[in-house]
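Notes follow the structure.
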Amino acid sequence: MPSIRKGLLQLVFSGSFMKRWNDKLRPMELVEMDKQGHKMIVAWALGELAAQGLPGDQAVRLREDIVRGGIFDYLYRLVITDIKPPVFYRIKANPDHYDRLTAWVLEQLRPRVQPLGREFWDDLCTHFHRQGREEESLAESILAAAHLFASRWEFHLIRPLNPWDDEMAEIEANFQQGLARRQHLAGVADLLEAPATALGRFVTLCGTLRFQKRWSQTPRIPETSVLGHMFLVACLAYFFSIVVGACPARRCNDFYAGLFHDVPELLTRDIISPVKGSVAGIDDLIREYEKRELERRLFAILDTPVTRPLADSLRYLLGLEVGSEFCDLVTLDGRPACVNWEQLQGTFNEDRFAPKDGRMLKICDQLAAFLEAYTSKTHGVVNDHLQQALWRIRSRLGQEALTEEVHIGALLADFD
């Protein structure tokens, strides 16, 4: 029976500590989790464009290959930490060296990842053993293009601050060449012109969520961004979807619903829960404002023949037509419909219904906040806000269970 343990949660969260470009002068700290969030938003967009016209089962398979491949690459990166890309690519070019490095990485990952189940673990091992030996698949091409774009986006932040650095021109050329080699993918040409194109404007806007810090008035270690938080929730949602036996389409929808659940904070910033609950009706007012501004400032960008399918998918993931991203959702007769947990686990747990978890997404959102507060406390930075948050989350989730085998309170007890 697949399960989730404390070690896996802490491993995924550790990307909040991993500095990027740390041999360059930077205008702000750039961390791995933020970059991964941006990368997977770009990969979602390219994947949705590539899925247009594919048969339903092939589209679902492509989406899951992208999600799993993105998570696998992130886990690998967490273990090898700060190897500079040119060095890693030289290692990868030598099959013997790469195999030895990969064997060591898998040894480190095994005790934390293998509890998710044999299928996930076998897919992870296969993913790395085939790299460099087979032609790049469509999902791998999309992930590579998304990685290059997200890294190049960060690079453009630091480039003006490092005019003396003789690596700058070579780095820019590598990004340009890598993206140019993948211009056969729908959307990549638009990324090269960002932010002048609709897709380029959208992914650029999403990238700015790394500038917004969560718990902005509460000292913490590490400080986390809205973008990194969204990626963390996405990973947790995918892991939980595995352990409850979700179908492939549901697993993908859960990941992407987590990845986008705080996108409205592009427009409102991070409004903490106590503020939303402090005055009767204020939560509804904020939600109405978010919906109006999303239409005006985000969906208006995507209102083109090419990108309109992205807008439709994003509306579904955010639950805009049913009023909440935390509604258990399926598609019936081409329209979104709220269902209950038992229906989601039973009748509608099939790809053809495009199921999406809402209640489980809310639990993952709270677990991510718990990890943020708990990690700060373990590093010696604790205050009333963090203590209250830990108490509230333990109180809310202590008796929560998704199935008889998946008890959230038992998972939280691992952190005692």
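The values are calculated or read from the model by the stated rules, or taken from the named source; none is laboratory data. Computed from a prediction, not measured in an experiment: that's the story for all the values here. FYI the Cβ positions are ideal-geometry reconstructions off the backbone, even for glycines, and counts take in every protein chain you see. To get the accessible areas, we keep the full protein, side chains included, count just its heavy atoms, and leave off ligands, DNA and RNA. Shrake-Rupley method; radii C 1.70, N 1.55, O 1.52, S 1.80 Å.
Could you figure out which of (1) farther than 26 Å from residue 288 by Cβ; (2) touching a strand residue (DSSP E or B) at 6+ places or on another chain (Cβ under 7 Å); (3) modelled with pLDDT under 95; (4) not β-branched (Val, Ile, Thr) isn't true of residue 319?
So the condition that residue 319 fails would be (1).
Would you pick out the residues in the range 259-293 that are open to solvent by 80 Å² or more (accessible area, probe 1.4 Å) and at pLDDT 65 or above?
284, 285, 287, 288, 289, 291, 292 - these are the residues of the range 259-293 that are open to solvent by 80 Å² or more (accessible area, probe 1.4 Å) and at pLDDT 65 or above.
Working only within the range 290-336, note down all residues that are in a loop (DSSP other than H, G, I, E, B) and more than 22 Å from the chain's Cα centre (by Cα).
300, 303, 304, 305, 306, 321, 322, 323, 333, 334
Mind telling me which of the residues 165, 57, 122, 73 ends up being in contact (Cβ under 8 Å) with a residue 60 or more places away in the chain, surrounded by fewer than 17 Cβ atoms within 10 Å (Cβ to Cβ), closer than 23 Å to residue 237 by Cα and of a type in the set (D, E, K, R)?
57
From the residues in the range 48-89 that are of a type in the set (Lys, Arg) and part of a helix (DSSP H, G or I), which one is farthest from residue 38 (Cα to Cα)?
The qualifying residue farthest from residue 38 (Cα to Cα) is 61.
Please verify whether residue 342 is part of a helix (DSSP H, G or I) and buried (at least 16 other Cβ atoms within 10 Å of the Cβ), treating the condition exactly as stated.
For residue 342, the condition - part of a helix (DSSP H, G or I) and buried (at least 16 other Cβ atoms within 10 Å of the Cβ) - is not met.
Here is a list: 5, 112, 26. Which entry is open to solvent by 20 Å² or more (accessible area, probe 1.4 Å), touching a Lys or Arg at 6+ places or on another chain (Cβ under 9 Å), in contact (Cβ under 8 Å) with a residue 40 or more places away in the chain and more than 17 Å from residue 239 (Cβ to Cβ)?
Only one candidate passes the filter, namely 26.
In the list 250, 296, which residue meets the criterion of being loosely packed, with under 15 Cβ neighbours inside 10 Å and either of a type in the set (Phe, Trp, Tyr) or at pLDDT 75 or above (or both)?
Of 250, 296, the one residue that is loosely packed, with under 15 Cβ neighbours inside 10 Å and either of a type in the set (Phe, Trp, Tyr) or at pLDDT 75 or above (or both) is 296.
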